[in-house]
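Here the structure is laid out as structure tokens; the discussion comes afterwards.
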Amino acid sequence: MTLSYPADAAILIGRFQPFHNGHAGLLQTALTTAAQVVVVLGSAFHARSPKNPFTWQERAAMIAATLPEAQRARVHYVAVRDYYDDGLWADAVRRAVAGALPAAQRVTLVACFKDATSYYLHHFPHWQLLNLEIDAGAPIGATAIRNVLFEAEDVDVSLSAVAQLLPAAIGQYVKAWTLLPWYAPLVQEYRAIEAYKARWRTAPYAPIFCTVDALVQTGGHVLLVRRGGYPGKGLWALPGGFLEPRERLLQGALRELAEETQLGVLAPTLVEALVGVAVFDHPDRSQRGRTITHAHYFDLKTRQLPEVTAADDAALAQWVPVASLPTMEEQFFEDHFHILNHFLQLTHEGR
């Protein structure tokens, strides 16, 4: 018997970090709305962090594990990175959905506007919106589940505390996942971030931090550092840091560059090599709090790579071929891959 559905395709967009009972309810609504469902897995291709602990492949596997075989065959998964640019992100979602179900004409977006962070669901006016009202007494969401997972001293205790919020298959999956090597470092990173935030909790208003970063290119390479401490320990990043009280932005970028890499280039030469400056101010770009960075792009236009030595809080300073950067996206701290992409067009998607 062929069933008739109100729509050809239903779209469910989220990060699903992790997939919980609220998400499961939305997915079941999508499955009753359309013959085919596309689950858009946001924040894909990130390095693991307390905010994004699960890869998009792991999230797809989690969701599939909650479904009976007949439903599983009707669900398609597409991964979309964070662009920190609403227009680019919405275009990428539309392309991904069209690629998964090119023949779909009647498309319904299944959504639940939980809070201000759900604003992105308004970016698809050409899709029919099915807005499910959130229950005021609904259980806590993914953020609180992650907090419990990383705060407890005993994993079994933490999982039992959130078991009623997760489909059984997800609870089993997460328990097995915590036995893998990356769980313990994520616990340390979570604690470091929470300690950082705690130092500012007594401020009369939420602080806004100003940082500077330096992208130095020459000879087909860019200068990167590996972070020596949390957050982002071991991840690649641009040399940079917090602006000091009496500094101009360019001065701060040059100081951080010298402190972290001891780059063998005089400051006046770097000033002459400055190609451009861009501001990266997305509210979610940093887990430490609202952090606005000013990225300075220098092109030395030399064939030889100047000497560098890691110092300060950098564990390593290294010239990395530009051609290698697209394959390293999941190894970068916060949005530093996107800063590189902005200047170097690594993904060829423009800005």
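The values are calculated or read from the model by the stated rules, or taken from the named source; none is laboratory data. What you see is a predicted model, and the numbers here were worked out from it, not measured in a lab. Heads up, the Cβs are rebuilt from the backbone with ideal geometry, glycines too, and the neighbour counts pull from every protein chain shown. Keep in mind that these areas ignore ligands, DNA and RNA; they rest on the heavy atoms of the full protein, side chains included. Shrake-Rupley method; radii C 1.70, N 1.55, O 1.52, S 1.80 Å.
Checking each residue in the stretch 131-147 for being surrounded by fewer than 17 Cβ atoms within 10 Å (Cβ to Cβ), hydrophobic (A, V, I, L, M, F, W, C) and at pLDDT 75 or above picks out 132, 144. When the stretch 186-231 is examined, which residues are found to be closer than 19 Å to residue 330 by Cβ and modelled with pLDDT under 95? Residues satisfying the conditions are 230, 231. Residues of the stretch 59-69 that are under 27 Å from residue 188 (Cβ atoms) and in contact with a helix residue (DSSP H, G or I) (Cβ under 7 Å, 6 or more places away or on another chain): 62 alone. Among the residues of the stretch 226-244, those identified as touching a strand residue (DSSP E or B) at 6+ places or on another chain (Cβ under 8 Å) and open to solvent by less than 70 Å² (accessible area, probe 1.4 Å) are 227, 228, 234, 235, 236, 237, 238, 239, 240, 241, 243.
Go through the residues of the stretch 42-56 one by one and say whether even a single one is over 19 Å from residue 338 (Cβ atoms), crowded, with 18+ Cβ neighbours inside 10 Å and of a type in the set (A, V, I, L, M). Checked the stretch 42-56: no residue is over 19 Å from residue 338 (Cβ atoms), crowded, with 18+ Cβ neighbours inside 10 Å and of a type in the set (A, V, I, L, M). Within the stretch 240-261, residues that are farther than 20 Å from residue 207 by Cα reach partners that are hydroxyl-bearing (Ser, Thr, Tyr) and open to solvent by 50 Å² or more (accessible area, probe 1.4 Å) with beta carbons closer than 9 Å, at six or more positions or on different chains, in the pairs 261/309. Checking each residue in the stretch 308-342 for being touching a Leu at 6+ places or on another chain (Cβ under 8 Å) and either assigned by the TED database to the domain that holds residue 54 or closer than 19 Å to residue 267 by Cβ (or both) picks out 308, 317. Considering only residues of the stretch 288-316 that are under 26 Å from residue 206 (Cβ atoms) and open to solvent by 50 Å² or more (accessible area, probe 1.4 Å), which is modelled with the highest pLDDT? Among those that are under 26 Å from residue 206 (Cβ atoms) and open to solvent by 50 Å² or more (accessible area, probe 1.4 Å), it is 290. Candidates 174, 212, 187: the one that is assigned to a strand (DSSP E or B) and either in contact with a Ser or Thr (Cβ under 6 Å, 6 or more places away or on another chain) or of a type in the set (Val, Ile, Thr) (or both) is 212. Of all residues in the stretch 105-116, those satisfying the criterion of being in contact (Cβ under 8 Å) with a residue 40 or more places away in the chain and surrounded by fewer than 19 Cβ atoms within 10 Å (Cβ to Cβ) are 105, 106. Hey, can you tell me all the residues within the stretch 1-31 that are polar (S, T, N, Q), touching a Pro at 6+ places or on another chain (Cβ under 9 Å) and open to solvent by 10 Å² or more (accessible area, probe 1.4 Å)? Residue satisfying the conditions is 21 alone. Within the stretch 206-225, the residues that satisfy the criterion of being open to solvent by 10 Å² or more (accessible area, probe 1.4 Å) and over 21 Å from residue 292 (Cα atoms) are 217, 219, 220, 221. Exactly one residue out of 70, 61, 79 is out of contact with any Leu (no Cβ under 7 Å at 6 or more places or on another chain), outside any loop (DSSP other than H, G, I, E, B) and within 30 Å of residue 325 (Cβ to Cβ): that is 61.
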